[in-house]
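Heads up: the structure comes next, in structure tokens.
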Amino acid sequence: MDKISVVVPCYNEEESIEIFYKETLKILKQMKNIHYEFLFINDGSTDKTLEIFKKLHKKDKQVRYISFSRNFGKEAAMLAGFEHASGDYITTMDVDLQDPPELLTTMYQDLKSGKYDCVATRSKSRKSYSPLRKFLTKCFYKIINKMSDVEIVDGARDFRLMTKKMVNSILSMREVNRFSKGIFGYVGFRTKWIEYEDRDRVAGNSKWSLWKLGKYAIEGIIAFSTKPLVYSVFIGLFFCFLAFLFIVVIIVRTLLFSDPVQGWPSLVCIILFVSGIQLFCTGIIGVYLSKIYLETKSRPIYIIAETDEDE
Ligand code: UDP
Ligand code: MG
């Protein structure tokens with residue numbers, strides 16, 4: 001019998017957990033010759049999330065949980081889940097039922113056929129997003145796919161069912177700054193994509209503000225592309241060329257009209273503009289440097305405060 005591990009990161013999700021458990025369990029029970037385990041991760045919630053995990057674990061020993069010492073983010077929660085999952089097939093799902101559990105049946109069949117190592121999902125329309133978030137997300141995928149060598153599929157969700165082999169290769173990537181959408185692409189493997197219409201959350205609110213998403217997008221670009229550094233070299237060269245042109249123009253103008261004093265305001269503008277560009281490019285280098293700094297420290301990506309095994 002195969003075992004499916006369902007990894008579920010949760011951050012202040014007291015309203016959704018039980019609904020999610022019930023719905024997903026129903027599907028897992030319908031699947032034949034399957035063992036299952038739920039691996040809930042409490043990502044530093046301040047509500048009753050952990051208590052609900054404990055309650056479910058009492059009722060069903062196939063419900064396991066890991067509780068972090070504080071909020072480390074969804075990436076860290078997924079990693080912890082992958083590391084502790086014991087199944088032959090591992091999936092990660094949001095607890096808000098935006099990832100339809102009924103897809104698990106066909107996903108499992110696809111993997112079982114031996115043709116694929118991973119069945120991944122992407123949302124068709126992003127119906128649940130605000131127009132601004134929709135627009136910014138589209139721009140992000142355009143930019144990151146231009147910059148990165150790894151394909152980052154537009155609209156890809158984290159919801160996917162993978163073989164243990166693929167998960168092990170994901171775990172072999174030990175980077176601290178984790179950007180799963182890129183990591184999934186980087187490890188490769190034979191992936192089948194299925195699309196579905198976006199759904200609204202079953203309860204609670206999205207944990208992502210536009211600010212958090214913006215930061216996440218920059219992390220993604222930095223983690224999977226060094227092109228911004230190359231671009232800053234070209235910006236530098238372009239401005240050197242421009243400066244050279246200006247020098248020629250000024251020399252010729254002074255020789256012809258002998259008017260060296262004119263142009264002070266434009267000079268100030270040019271100095272401000274060019275020093276802005278310089279700071280911008282130094283900033284790009286700084287961002288990469290800060291990532292190197294954090295990687296070299298190799299701090300733990302998450303810290304576990306307690307698990308079901310402590311009980
Ligand atoms: N989540 C998490 N840690 C965080 C933020 C979110 O574990 O810091 C979990 C959250 O509980 C949910 C999943 O990640 O199960 C997706 O979050 P959300 O639904 O807020 O994101 P959205 O669907 O809006 O992209
Ligand atoms: Mg969600």
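The values are calculated or read from the model by the stated rules, or taken from the named source; none is laboratory data. Keep in mind the model is a prediction, meaning the values are calculated, not measured. Note that we place each Cβ from the backbone using ideal geometry, even for glycine, and neighbour counts take in every protein chain shown.
Here are the numbers for the structure shown:
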quantity	calculated
Residues that are more than 13 Å from ligand 1 (Cβ to nearest atom) and within 21 Å of residue 178 (Cα to Cα), drawn from region 92-118	118
Single condition residue 11 does not satisfy, out of (1) over 20 Å from the mean Cα position of the chain (by Cα); (2) within 13 Å of ligand 1 (Cβ to nearest atom)	(1)
Only one of 75, 51, 83 that is assigned to a helix (DSSP H, G or I), loosely packed, with under 15 Cβ neighbours inside 10 Å and acidic (Asp, Glu)	51
Those residues of region 206-217 which are over 13 Å from the mean Cα position of the chain (by Cα) and either at positive phi or within 9 Å of ligand 2 (Cβ to nearest atom) (or both), in sequence order	206, 207
Of all residues making up region 143-177, the number that are among the aliphatic types (A, V, I, L, M) and under 20 Å from residue 108 (Cβ atoms)	6
Counted residues, region 181-213 - those being of a type in the set (Ser, Thr, Tyr), modelled with pLDDT under 90 and within 28 Å of residue 111 (Cα to Cα)	1
Filter result for residue 226 (polar (S, T, N, Q) and under 23 Å from residue 108 (Cβ atoms))	no
Breaking point among (1) away from ligand 1 (no atom under 11 Å from the Cβ); (2) modelled with pLDDT under 95; (3) under 19 Å from residue 5 (Cβ atoms), for residue 74	(1)
Residue that is farthest from ligand 2 (Cβ to nearest atom) [pool: residues in region 13-43 that are under 18 Å from residue 92 (Cβ atoms) and assigned to a loop (DSSP other than H, G, I, E, B)]	31
Residue 120 vs. criteria in contact (Cβ under 8 Å) with a residue 40 or more places away in the chain, of a type outside the set (Phe, Trp, Tyr), surrounded by 16 or more Cβ atoms within 10 Å (Cβ to Cβ) and assigned to a helix (DSSP H, G or I)	no
